[in-house]
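Working notes, beginning with the structure itself.
The values are calculated or read from the model by the stated rules, or taken from the named source; none is laboratory data. The shown structure was predicted, so the numbers you read here are calculated from the model rather than taken from an experiment. Glycine gets a Cβ as well: all are built from the backbone with ideal geometry, and neighbour counts include every protein chain shown.
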Amino acid sequence: MFRAAIIGCGGIAQVHAAVLHMLPDTELIACADLRPERAQAMAEKYGCRAYSSMDALLEAETPDSVHLCVPHYLHAPMAKGAADRGIAVFSEKPPVISREQWTLLEEAAAKVPLGICFQNRYNPNVEEARRLIREETYGKLLGARAFVTWKREVPYYHDSGWRGTWATEGGGVLINQSIHTLDLLVQLAGKPERVETHMANHHLRDAIEVEDTVEAYLTLGGVPVLFYATTAYTQDAPVLIELHLEKAVLRLESDGLEIRTGSGIERKTFEVPATLGKGYWGNGHATCIADFYTSIAENRPFRNNLDSVRDTADLMLTMYEQGRGSL
Ligand SMILES: NC(=O)c1ccc[n+]([C@@H]2O[C@H](COP(=O)([O-])OP(=O)(O)OC[C@H]3O[C@@H](n4cnc5c(N)ncnc54)[C@H](O)[C@@H]3O)[C@@H](O)[C@H]2O)c1
């Protein structure tokens, strides 16, 4: 039985707690939040102990793992702090907000199992698209495009106390809402080679200092990839990833996969786990967290280990280095 603790008891932590409660070989023993009422509510719901900080929790408890569900700027330092005590780390995305923080994570990953929550890698339609590309079922990949067009308004930023600033969120739509899609493009197309990025703040200029919109012309795995993400839309539209192969176009939208060939359109649907949080977060948390613990039990590398997110993190940081100046 893995005895886990959750640090940060806000929105996404509710999904982690539900998964830890549901899995047969994990137990949520403690949680911590700067806002005591949040930790208390989680503790009451799951019968665990509540603390007001990670340090206080780790003084009193000896968990096998911590789940970091805190604001972005805290992921890397908290991962290092837990790893220094020999505690495994499962961190929400993004892994880092700066290149300096990457060093902290490398030090942490050298000591303990460390996983990053890119849960959408486990989506069945993504797995199927990966297989079709790898096996060249429809020939080679020629190019790709992806769109994330969501809606975020001023209260979303102001009420959180950490979103919308470089210091605590580390960026806007790129580092937060669309990093999953950027990561999937790297998983599907390959290593980043060329990067050209523009950023803008179209609809929240008076409210946040980070970008609400990013567009990039990338070369991944040798092919051109067009990337566009914004929080200036009027609803949370399904993310679209389109993969142009020699003999077909694959379209991933929500949980589905559409294969368009010269002879027609095949629509594949997949069985997906029940949604535990908001629909647009995807359904992969349970599969991803289960695999993290199974990988530790089986003493094998976790699929979303630090090495596996290096290219995405480096690409994201490069995009900020290029795009931030135009804001
Ligand atoms: N994987 C996904 O699909 C997904 C979805 C949503 C959020 N996230 C990520 O999860 C993380 C948290 O996001 P959220 O939406 O739950 O935010 P949130 O603001 O709802 O929750 C964060 C919590 O951390 C607490 N906190 C802040 N500083 C702390 C500290 N020093 N010690 C203890 N607690 C502290 C806050 O009080 C708050 O309750 C972010 O990294 C976000 O990007 C991931």
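If you scan segment 105-152, which residues turn out to be within 14 Å of the ligand (Cβ to nearest atom) and in a strand (DSSP E or B)?
Listed by number, the residues that qualify are Gly115, Ile116, Cys117, Val148.
Looking at Gly115, Gly139, Gly172 in this structure, which one is modelled with pLDDT of 95 or more, surrounded by fewer than 17 Cβ atoms within 10 Å (Cβ to Cβ) and touching a strand residue (DSSP E or B) at 6+ places or on another chain (Cβ under 9 Å)?
On the way: Gly115 fails: surrounded by fewer than 17 Cβ atoms within 10 Å (Cβ to Cβ); Gly172 fails: surrounded by fewer than 17 Cβ atoms within 10 Å (Cβ to Cβ).
Gly139 is the lone residue from the list that is modelled with pLDDT of 95 or more, surrounded by fewer than 17 Cβ atoms within 10 Å (Cβ to Cβ) and touching a strand residue (DSSP E or B) at 6+ places or on another chain (Cβ under 9 Å).
Of all residues in segment 126-159, which are basic (Lys, Arg) and under 24 Å from His203 (Cα atoms)?
In the first step, residues of segment 126-159 are kept if they are basic (Lys, Arg); the result is 130-131, 134, 140, 145, 151-152.
Within segment 126-159, Arg145, Lys151, Arg152 meet the criteria.
State whether the residues of segment 231-240 include one that is at pLDDT below 95, surrounded by fewer than 16 Cβ atoms within 10 Å (Cβ to Cβ) and either within 18 Å of Lys191 (Cα to Cα) or of a type in the set (Ser, Thr, Tyr) (or both). Don't jump to the end; show me each part of the working.
So in segment 231-240, the residues at pLDDT below 95 come out as none.
No, the conditions are met nowhere in segment 231-240.
Considering each of Ala5, Ala17, Ala60, Ala43 in turn, give the residue that is more than 9 Å from the ligand (Cβ to nearest atom) and under 30 Å from Leu317 (Cβ atoms).
Working: Ala17 fails: under 30 Å from Leu317 (Cβ atoms); Ala60 fails: under 30 Å from Leu317 (Cβ atoms); Ala43 fails: under 30 Å from Leu317 (Cβ atoms).
Exactly one residue qualifies, and that residue is Ala5.
Taking interchain pairs and intrachain pairs at least six residues apart, which have beta carbon atoms under 7 angstrom, with the first residue in segment 309-323 and part of a helix (DSSP H, G or I) and the second polar (S, T, N, Q)?
From residues that are part of a helix (DSSP H, G or I), the pairs are Met319/Thr197; Gln322/Thr197; Gly323/Thr197.
Considering only residues of segment 20-33 that are surrounded by 15 or more Cβ atoms within 10 Å (Cβ to Cβ) and aliphatic (A, V, I, L, M), which is nearest to the ligand (Cβ to nearest atom)?
Step by step, filter segment 20-33, then rank; the result is Ala32.
Asp255 is checked against (1) among the acidic types (Asp, Glu); (2) in contact with a strand residue (DSSP E or B) (Cβ under 8 Å, 6 or more places away or on another chain); (3) in contact (Cβ under 8 Å) with a residue 24 or more places away in the chain and fails just one. What number does that condition carry?
(2)
Can you go through Ala207, Ala237, Ala200, Ala232 and tell me which one is closer than 27 Å to Tyr138 by Cβ and either among the small types (Gly, Ala, Ser) or not assigned by TED's automatic domain parsing to the domain that holds Arg134 (or both)? Let's see the steps before the verdict.
Working: Ala207 fails: closer than 27 Å to Tyr138 by Cβ; Ala200 fails: closer than 27 Å to Tyr138 by Cβ; Ala232 fails: closer than 27 Å to Tyr138 by Cβ.
From the options Ala207, Ala237, Ala200, Ala232, the qualifying one is Ala237.
Against the definition (of a type in the set (A, V, I, L, M), over 22 Å from the mean Cα position of the chain (by Cα), surrounded by 21 or more Cβ atoms within 10 Å (Cβ to Cβ) and within 15 Å of the ligand (Cβ to nearest atom)), how does Met78 come out, yes or no?
Details: of a type in the set (A, V, I, L, M): yes; over 22 Å from the mean Cα position of the chain (by Cα): no; surrounded by 21 or more Cβ atoms within 10 Å (Cβ to Cβ): yes; within 15 Å of the ligand (Cβ to nearest atom): yes.
Here the answer is no, as Met78 does not meet what is asked.
Name the pairs: first residue in segment 79-97 and more than 15 Å from Thr312 (Cα to Cα) and outside any strand (DSSP E or B), second residue more than 12 Å from the ligand (Cβ to nearest atom) and of a type in the set (Asp, Glu), Cβ to Cβ under 8 Å, at least 6 apart or on different chains?
Once the first residue is more than 15 Å from Thr312 (Cα to Cα) and outside any strand (DSSP E or B) and sits in segment 79-97, its partners that are more than 12 Å from the ligand (Cβ to nearest atom) and of a type in the set (Asp, Glu) give Lys80/Glu107; Ala83/Glu107; Ile87/Asp64.
Looking at segment 47-60 only, could you name the residues that are buried (at least 18 other Cβ atoms within 10 Å of the Cβ) and within 20 Å of Val89 (Cβ to Cβ)? Don't jump to the end; show me each part of the working.
Taking segment 47-60 as the starting set, the residues that turn out to be buried (at least 18 other Cβ atoms within 10 Å of the Cβ) are 48, 50-51, 54, 57-58.
Cys48, Tyr51, Met54, Leu57, Leu58 - these are the residues of segment 47-60 that are buried (at least 18 other Cβ atoms within 10 Å of the Cβ) and within 20 Å of Val89 (Cβ to Cβ).
Please state which of the following conditions Lys93 fails to meet, knowing it meets all the rest: (1) more than 16 Å from Asp307 (Cα to Cα); (2) within 16 Å of the ligand (Cβ to nearest atom).
The one condition Lys93 does not meet is (1).
Which ranges mark the strands (runs of 3 or more DSSP E) fully within segment 1-63 that have 1 or more residues being within 22 Å of the chain's Cα centre (by Cα)?
Values: elements: 2-7, 26-32, 49-51.
Those strands (runs of 3 or more DSSP E) span 2-7, 26-32.
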